[in-house]
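The values are calculated or read from the model by the stated rules, or taken from the named source; none is laboratory data. Owing to the predicted nature of the structure, the values given are computational and were not obtained by experimental measurement. All Cβ positions, glycine included, derive from the backbone under ideal geometry; neighbour counts span all protein chains shown.
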Amino acid sequence: MPKVDFKNLSIIESLVAINRRYSNLPALRMKLRIGRLLFSELHRQFGGKLKCFVSGGAPLDPHVEDDNEGEILVKGPNVMRGYYKKPKDTEEVLKDGWFYTGDIGYIDDDGFLYITGRVKNMIVLGGGKKVYPEEVEEVISKSPLIKEMCVIARKATSGLKAGTEEVFAVIVPNEDAFTEEEKQNKELIKSKIATEINKLSEHLADYKRISDFMLYFDELPKTSNKESKAKRSYGENSFYFKRR
């Protein structure tokens with residue numbers, strides 16, 4: 001068996017060398033892998049079936065281990081066989097025995113599952129970063145100046161981000177939080193809400209922060225499943241800002 005000089009190797013390089021050196025041992029031929037033992041916690045966080053990471057052209061995000069949200073998949077005898085007489089719809093949600101729920105979530109250290117959003121509402125920014133509107137709404141809607149809000153994607157029209165999606169919000173002010181004099185000044189209301197957004201955004205990653213917003217002085221229209229959508233009229237045209 002060849003010897004390995006570990007003096008000039010990093011910890012990770014040493015582990016790789018150990019794994020290669022002892023890969024032919026009987027115990028390891030029975031699929032007992034050192035990497036799976038040494039990094040059991042990492043394997044658990046990624047579902048227990050992680051084999052490798054592939055990073056093409058650039059290093060992986062150093063914070064990848066902190067971003068453990070993803071689509072929730074379900075497998076078991078309780079999962080449906082498919083949609084009745086809708087094979088295409090079935091193919092979209094059932095893959096290799098797994099049901100793709102369309103919900104975004106994560107599992108905490110105690111094993112509890114948290115649902116944080118929906119895949120269809122996800123905003124994909126120009127750099128590939130993903131933003132879940134529900135997460136932003138949960139943080140910003142804590143302001144007493146905001147009655148309700150809807151975070152959506154809007155295409156940037158200027159600057160370096162032109163043509164890509166940005167985080168936009170439609171906000172209904174809580175008029176009870178403003179004086180009668182302030183209610184007459186919409187610019188003042190928007191300014192005060194902007195200050196609140198900046199303060200609360202400290203709890204969000206930079207790329208998740210709202211780029212711009214508009215005020216809507218009425219209850220937000222709702223879809224049949226009570227999902228918010230916002231409407232604003234410009235002259236003869238009406239534009240609906242809504243989630244996909």
remark   = Pairs returned, first residue in region 94-106 that is without any contact (Cβ under 8 Å) to a residue 40 or more places away in the chain, second residue that is outside any strand (DSSP E or B) and among the polar types (S, T, N, Q), beta-carbon separation under 6 angstrom, 6 or more apart or interchain, are Y106/N68
ask   = Mind checking whether some residue in region 182-195 is assigned by TED's automatic domain parsing to the domain that holds P221 and either outside any helix (DSSP H, G or I) or closer than 30 Å to M80 by Cβ (or both)?
value = yes
query = Within region 80-110, how many residues turn out to be of a type in the set (G, A, S) and over 26 Å from the mean Cα position of the chain (by Cα)?
reply = 1
query = Exactly one of (1) assigned to a strand (DSSP E or B); (2) touching a Phe, Trp or Tyr at 6+ places or on another chain (Cβ under 8 Å); (3) closer than 21 Å to Y207 by Cβ is unmet by E166. Its number?
reply = (2)
inquiry  = When you scan region 123-143, do you find a residue that is part of a loop (DSSP other than H, G, I, E, B), of a type in the set (S, T, Y) and closer than 17 Å to A205 by Cβ, even just one?
reply    = yes
key: Residue check for D108: within 25 Å of L220 (Cα to Cα), surrounded by fewer than 17 Cβ atoms within 10 Å (Cβ to Cβ) and in contact with a strand residue (DSSP E or B) (Cβ under 7 Å, 6 or more places away or on another chain)   = no
ask   = Name the residues in region 63-98 that are touching a helix residue (DSSP H, G or I) at 6+ places or on another chain (Cβ under 6 Å) and modelled with pLDDT of 85 or more, would you?
value = E71, G82, Y83
